[in-house]
């Protein structure tokens with residue numbers, strides 16, 4: 001489809017990216033504590049600086065799939081999606097002030113240890129297994145997706161690409177631990193920014209001015225920020241993007257183990273909160289520039305759409321096609337772009353290797369086996385290496401899975417809302433019990449997966465496209481659709497997580513109140529729950545309530561002695 005345009009400088013940039021990432025891993029393997037303890041390997045000795053952690057929080061979930069998908073989103077559906085950045089600003093203080101203090105106060109290696117302390121062992125195992133499956137499926141695809149990009153740009157076989165990236169990532173994350181992951185994320189984030197900025201800047205030069213991007217986008221109806229509809233079947237509206245964006249953000253940045261583990265690598269709660277606050281503008285800037293890259297490409301291909309003219313076969317190929325078609329005249333730009341795309345995948349995969357290793361040793365191995373403490377650091381490194389190799393194996397078979405690729409991405413979104421719901425019930429209520437949250441989680445995930453996978457469902461309607469200036473005649477496809485779809489299948493994907501979240505809150509509350517169960521603190525013989533397990537406003541009330549009887553008992557004791 002696309003001829004190779006890689007030159008010497010492009011290969012130099014790509015090679016330098018891989019060498020630098022591996023070198024960072026080697027440096028942290030042989031410096032400091034040399035990754036001899038689990039505390040250093042998984043949590044960087046809890047003494048990291050704010051800036052690398054803040055950037056890593058963004059890089060962990062901004063994968064190549066995101067960069068390629070968001071640019072195509074804005075090309076074909078307009079800039080309405082950029083509204084989601086407002087939700088990040090709303091959700092950041094919620095995550096920082098209501099959820100993070102609980103995890104930071106407990107200082108547990110695995111996020112799911114909280115669920116056992118609050119509810120019991122069964123819900124911890126259920127949530128942990130859900131997270132593990134979710135991350136394994138997602139990261140196999142994260143490794144596979146950019147390999148297609150590199151193959152289309154350079155002609156390099158995708159299997160070779162998967163091997164190079166997968167092995168490099170597994171190597172440095174296994175050797176260097178969390179410190180290597182955080183500092184490679186920092187390097188890779190700069191390359192991610194470089195990739196999307198290069199597209200915007202080059203398109204501006206090509207069009208004769210930055211303002212031409214917005215003039216052409218306006219003419220094509222792409223500057224569509226005014227959809228305030230409350231209809232849940234409309235794909236993107238202010239309500240769906242802000243509400244759905246808030247729940248999605250909280251499911252990732254407030255309770256997801258991959259992010260919470262990073263937030264525990266600093267020394268104090270205040271510094272951890274600052275990491276979360278600083279990650280917000282970093283995330284939003286990259287998101288907005290990626291949206292603008294889609295508009296930039298639209299401005300160039302406004303009158304000859306590559307997808308409609310069958311020059312490309314999928315929307316996600318749009319950005320790499322532009323790099324090949326237009327940016328090949330400048331040596332090194334294609335290499336910078338591909339390095340940025342691969343960096344997005346490297347940061348996501350390395351984060352997953354380290355996070356899954358922590359969950360495996362804490363939630364599974366240490367729970368089911370008696371392990372010598374001196375062997376735990378080695379087992380953790382073996383687990384990290386094992387997950388990296390597993391992602392590699394999944395990437396090799398991903399091209400044969402067909403529709404399962406999209407299915408795995410859908411699972412990632414569908415389980416986020418229900419998982420956020422059980423943590424919220426645990427932190428914000430005292431009545432929720434293990435029976436209630438278990439029923440709620442299982443039924444909630446069944447509902448969201450049904451909504452996500454059920455069909456047939458209507459295809460999203462693209463904004464108007466043109467092929468008037470194509471070199472050959474092309475017939476525009478019809479976008480007419482039947483209207484007899486089942487209602488749940490017409491609901492926007494942005495509402496899936498909120499539906500799962502609300503379902504878990506309602507069902508979990510109802511079942512817990514109707515089906516009473518002894519709470520862990522009651523089984524331990526305590527009258528009051530541990531305030532450390534609850535969000536700060538509720539924790540203050542619980543402390544005040546538990547202190548009053550103590551004071552009264554002391555007064556009665558003094559009276560009796562007198």
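Quick note: the coordinates plus some simple rules give every number you see, no bench work behind them. Everything numeric in this text was worked out from a predicted model, so none of it was measured. Cβ atoms come from the backbone with ideal geometry, glycine included; neighbour counts cover every protein chain shown.
Tabulated values for the structure
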| item | result |
| --- | --- |
| Residue exposure sequence - 63, 512 - by fewest surrounding Cβ within 10 Å | 512, 63 |
| Rounded if a/c under 1.5, otherwise prolate or oblate - the range 192-315, Cα gyration tensor axes | prolate |
| Calculated [θ] (222 nm, deg cm²/dmol) that DSSP helices of n ≥ 4 give over the chain, each run adding -39,500 (n - 2.57) | -23000 deg cm²/dmol |
| The range 1-116 shape via C-alpha gyration tensor axes, a/c threshold 1.5 | oblate |
| Full-stretch length increase - residue 502, residue 382 - with 0.36 nm per residue and alpha-carbon distance subtracted | 39.3 nm |
| Segments 349-357, 292-300, 124-132 sorted - mean Cβ within 10 Å per residue, highest first | 349-357, 292-300, 124-132 |
| Cα-based shape type of the chain, given that a ≥ b ≥ c are square roots of the gyration tensor eigenvalues and the cut on a/c is 1.5 | prolate |
| Gain in span if fully extended, residue 545 to residue 514, counting 0.36 nm per residue against the direct Cα distance | 8.7 nm |
| Most to least packed among 206-217, 434-445, 173-184 [average Cβ atoms within 10 Å] | 173-184, 434-445, 206-217 |
| Sequence of 484, 231 once ranked by neighbouring C-beta atoms within 10 Å, starting from the fewest | 484, 231 |
| Percent RCO, i.e. relative contact order, over the range 271-416, from Cα pairs under 8 Å lying at least 6 residues apart | 13 |
| The range 88-157 versus the range 158-220: alpha-carbon centroid distance in Å | 22 |
| Neighbour-count ranking [beta-carbon atoms within 10 angstrom, fewest first] of 39, 45 | 39, 45 |
